[in-house]
Amino acid sequence: MVSPGHDPPVITLGAAHLYGSVQRDDDTVTSFSSRGPTRGRGTLDGKPWIDNLLKPDLVAPGNRIVGALSSDLLGTRGGWNRLVSSYPQLAAIPGAAQAPNQTLMELSGTSVAAPVVSGTVALMLQANPGLTPPLVKAILQYTAQPLAQSNLLQQGTGLLNVEGAVRLASAIRQDVGPALAAGTLRAGDPLLARGKTMPVAQSTLNGRRFYWGKLVVAGGNHLLSGDALFTKFQPIYDPTLTWTRQLALRSTVRYWPYTKIPRSIDEARITGTQRLVTGGVLWVNTAVPRAAPSNGLFIATPTLSGYAANGSAFVLSEGFVLSEGFVLSEGFVLSEGFVLSEGFVLSEAFVLSEGFVLSEAFVLSENVVDPASRADPTPPGDR
């Protein structure tokens, strides 16, 4: 892996442009937000292998976001942070007095979108401390709002929905992590808290109602949906299990003797039978028309969400099972490479404000194909 954002369990983010309005109907993915899929290179059974995973996972506000400007203890202009000292236009906030300890700055980039999601995760864990990291990620994706005209490789499953994520997190039993550690939680066990039901899959923000996308990416290239994802415990919510396309790995933490201090994390390929997803889950990949380009990767995410909502997706009877070390069913797969529909790959995806980029971008002509045999542009990194 050449970028932390390639790692399947990682929550990899894109940035959304809010256009200065409180309504979400006009929100889009910013031009500087890195697009997928990933292009991590490695070997599998001695042969070259490119991961080609669906990224980003979702998008969050990341364009011209106003927040606190860090300073020294005196709060004077001379003690403002180095970034604003170098680019004072970032502190040119209309209506801001910029008095000591009341300073504001404006910033754009996926580095701004990331703390928005981090704050959401903090609220989710406050509501339910027992959530595991993979379960947190699944909730964020499931409750996201798909943006019109953007596909999985641009926005993932959609725009962050804080209200929906916290509400779904609150409906889930609060002992998931401890029960997993104790070995008492099995595939298919009830996942909702006692007396709880699945929340209504819609949210109302600023007087506007919208429906959740109800999509979760599993295994790097499988698109799943359905209430069973959260009414039953899914093995993919176990943080010691990593599923990437045909393979699954199990990690084991080893501690220093007589302590709880981690010494190492050993990761090994699972060679036996391992259930990954239970029956009753919807497999959205199968709902994509055969004539769709690139197996549906460039179909707008709201359309894919609609396939699941209208019953077009395939209901898994047995779920996904790893057998003899391989998952036989592949998801969305790219053959030789990928086409950048908008023609932009940024080296760091960190933008000061509209039209002002810190790091140089690589601009590709339209419809450039990146075959596996050629050098790739800088892969998606800080999303």
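A few points about this structure:
- For Y255, the shell of other residues with beta-carbons less than 13 Å away shows a net charge of +2, using +1 for Lys and Arg and -1 for Asp and Glu.
- Surrounding net charge for A218, when Lys and Arg each add one and Asp and Glu each subtract one, Cβ distance under 12 Å: +1
- For chymotrypsin sites (Phe, Trp or Tyr not before Pro), the sites in segment 240-305 that DSSP calls loop and that have at most 15 other Cβ atoms within 10 Å are Y258, F298.
- Sparse packing (at most 15 other Cβ atoms within 10 Å of the Cβ) combined with a DSSP loop state is found for the following trypsin sites (Lys or Arg not before Pro) in segment 206-268: K260.
- Computed over segment 27-141, the convex hull of the alpha-carbon atoms projects to a mean area of 11.5 nm².
- Linear extension gain, S170 paired with A122, 0.36 nm per residue minus alpha-carbon span: 16.0 nm
- Other residues within the sphere of radius under 13 Å centred on the Cβ of K196, judged by their own Cβ, net out at +2 (K and R +1, D and E -1).
- For segment 4-363, the Kirkwood hydrodynamic radius comes to 21.8 Å, computed from all pairs of different C-alpha atoms.
- Cβ-based charge dipole, segment 4-363, positive-most Cα from V200, V327, I172: I172
Laboratory data are not the source of any read-out in this text; all were calculated from the coordinates shown. Since the structure is predicted, the reported quantities are computational estimates derived from the model, not experimental observations. Here the Cβ is made from the backbone with ideal geometry for all residues, glycine too, and neighbour counts use every protein chain on show.
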